[in-house]
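Single-structure report; data block below.
The values are calculated or read from the model by the stated rules, or taken from the named source; none is laboratory data. Computed from a predicted structure; not experimentally measured. Please note: Cβ atoms are built from the backbone with ideal geometry, for glycine as well, and neighbour counts cover all protein chains shown. Accessible surface areas use protein heavy atoms only, side chains included; no ligands, DNA or RNA. Shrake-Rupley method; radii C 1.70, N 1.55, O 1.52, S 1.80 Å.
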Amino acid sequence: MNIADYLKQSNVLLPNSNTARLDIELLLTQVLSVSRTYLLAYPEQLISPEQKQLLDQFIAQRQQGYPIAYLLEKRDFWNLTLTVNNQVLIPRPETELLVELVLEKIKGINNPKILDLGTGSGAIACAVAQERPDASIVAVDRQEAAIQVAIENARRHQLNNINYIVSHWCDALAINNKAEKFDVIVSNPPYIKSTDPHLQQGDVRFEPQSALIAGEDGLADIKKIIQQAKLHLMPQGVLLLEHGYDQASAVRDLLAMQGYQSIASHCDLAGVERVTVGVELLR
């Protein structure tokens, strides 16, 4: 078989995919180590038996719904290409809103200090670090395997202003027994209800459940972060939280109950309230 054969059969090979042609193209680029442009330029190129074996293996996994990002071991986020595997969530476009808001909040602050809670692949930390090389960023995750992915992504993009720590939220953040303080704390934490039927659909079936589920109401981790962040924010420090499509009102209430000020929710490109922000004024 050659490249053209696979491309022509994409809808047959992946009958349940809405992106069958694109999926096959991407898998071909991965197996052949070529660009998508190359596929169009040289459709007659034959695929070796070894390449066919690997490609068919990938297609079989994709037929079962295994995420294309995990098969490719990469995902584009912001203007970066990040390594991903099944130890971390797949970075999503809506999370770029968090990056935009962090950059807005630190505008005018020299050498800002930023804390990224639950960094996963390091997507948010890496994006901010690239845009603000003067920033000092601490990125934490409770999973050592996730931290290793994040370190690899920082290394790949030569980002030297991120310090990685294994920690369950803010539990390990102290210097000489004093709480370390930040201008901005940002988090895309688990926020899906344990009973949510979406957990049985799409990519999330294969993503780490510990990075998705947050108790019966989906707010368990957000509650803890809101409480802990007060001890780690400088005066006028800002907390930014990504949350579920229907959680903005609840998150605003939680922030208000903890004394945060200037509370506001921001919509993603789909018009969904996706990020809520609060300012710590009292310390």
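Quick grid of which residues meet (1) without any contact (Cβ under 8 Å) to a residue 60 or more places away in the chain; (2) of a type in the set (A, V, I, L, M, F, W, C); (3) in contact with a Pro (Cβ under 7 Å, 6 or more places away or on another chain):
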position: N153; (1), (2), (3): no, no, no
position: S167; (1), (2), (3): yes, no, no
position: V186; (1), (2), (3): no, yes, no
position: L199; (1), (2), (3): yes, yes, no
position: D203; (1), (2), (3): no, no, yes
position: G237; (1), (2), (3): yes, no, no
position: G244; (1), (2), (3): yes, no, no
position: A250; (1), (2), (3): yes, yes, no
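Can you pull out every residue in the stretch 256-266 that is part of a helix (DSSP H, G or I) and either surrounded by 12 or more Cβ atoms within 10 Å (Cβ to Cβ) or small (G, A, S) (or both)?
Answer for the stretch 256-266, where residues must be part of a helix (DSSP H, G or I) and either surrounded by 12 or more Cβ atoms within 10 Å (Cβ to Cβ) or small (G, A, S) (or both): just A256.
All but one of (1) under 26 Å from E216 (Cα atoms); (2) in a loop (DSSP other than H, G, I, E, B) hold for L269; state the number of the condition that does not hold.
All conditions are met except number (1).
Testing N161 on (1) within 21 Å of P93 (Cα to Cα); (2) open to solvent by less than 40 Å² (accessible area, probe 1.4 Å); (3) in contact with an Asp or Glu (Cβ under 9 Å, 6 or more places away or on another chain), one condition comes back false. Which one is that?
N161 satisfies every listed condition except (1).
On the basis of being open to solvent by 40 Å² or more (accessible area, probe 1.4 Å) and on the phi < 0 side of the Ramachandran plot, does Y38 make the cut?
It is true that Y38 is open to solvent by 40 Å² or more (accessible area, probe 1.4 Å) and on the phi < 0 side of the Ramachandran plot.
For the structure I just gave you, tell me whether G278 is of a type outside the set (D, E, K, R), open to solvent by less than 70 Å² (accessible area, probe 1.4 Å) and not in a strand (DSSP E or B).
The answer is no for G278.
Taking into account only those residues within the stretch 230-255 that are modelled with pLDDT of 95 or more, surrounded by 20 or more Cβ atoms within 10 Å (Cβ to Cβ) and small (G, A, S), which is farthest from K193 (Cα to Cα)?
Out of the qualifying residues, it is G237.
Kindly indicate the residue of the stretch 169-181 that is over 25 Å from G244 (Cα atoms) and in contact (Cβ under 8 Å) with a residue 40 or more places away in the chain and also nearest to the chain's Cα centre (by Cα) among those meeting that condition.
So the residue we want is L173.
For the stretch 133-239, give me every one of the strands (runs of 3 or more DSSP E) that falls completely inside it and has 1 or more residues that are among the basic types (K, R).
none
Name the single residue that is farthest from I222 (Cα to Cα) among those in the stretch 85-143 being acidic (D, E) and surrounded by fewer than 21 Cβ atoms within 10 Å (Cβ to Cβ).
The qualifying residue farthest from I222 (Cα to Cα) is D134.
Restricting to the stretch 164-184, what's the tally of residues that are open to solvent by less than 80 Å² (accessible area, probe 1.4 Å) and of a type in the set (D, E, K, R)?
Here the count works out to 3.
What helices (runs of 4 or more DSSP H) completely inside the stretch 24-79 contain at least 3 residues that are without any contact (Cβ under 8 Å) to a residue 40 or more places away in the chain?
36-41, 49-63
From the list S187, S194, pick out the single residue that is polar (S, T, N, Q) and crowded, with 18+ Cβ neighbours inside 10 Å.
None of the other options fit; the residue is S187.
Which residue pairs have Cβ atoms closer than 8 Å, lie 6 or more positions apart in sequence or on different chains, and pair a first residue in the stretch 125-144 that is closer than 18 Å to D171 by Cβ with a second residue that is assigned to a helix (DSSP H, G or I) and open to solvent by 70 Å² or more (accessible area, probe 1.4 Å)?
These pairs meet every condition: R142/S210; Q143/S210.
So L82 ticks every box in (1) closer than 20 Å to A264 by Cβ; (2) in contact with an Asp or Glu (Cβ under 8 Å, 6 or more places away or on another chain); (3) open to solvent by less than 10 Å² (accessible area, probe 1.4 Å); (4) not basic (K, R) but one. Which box is left unticked?
(1) is the only condition that L82 fails.
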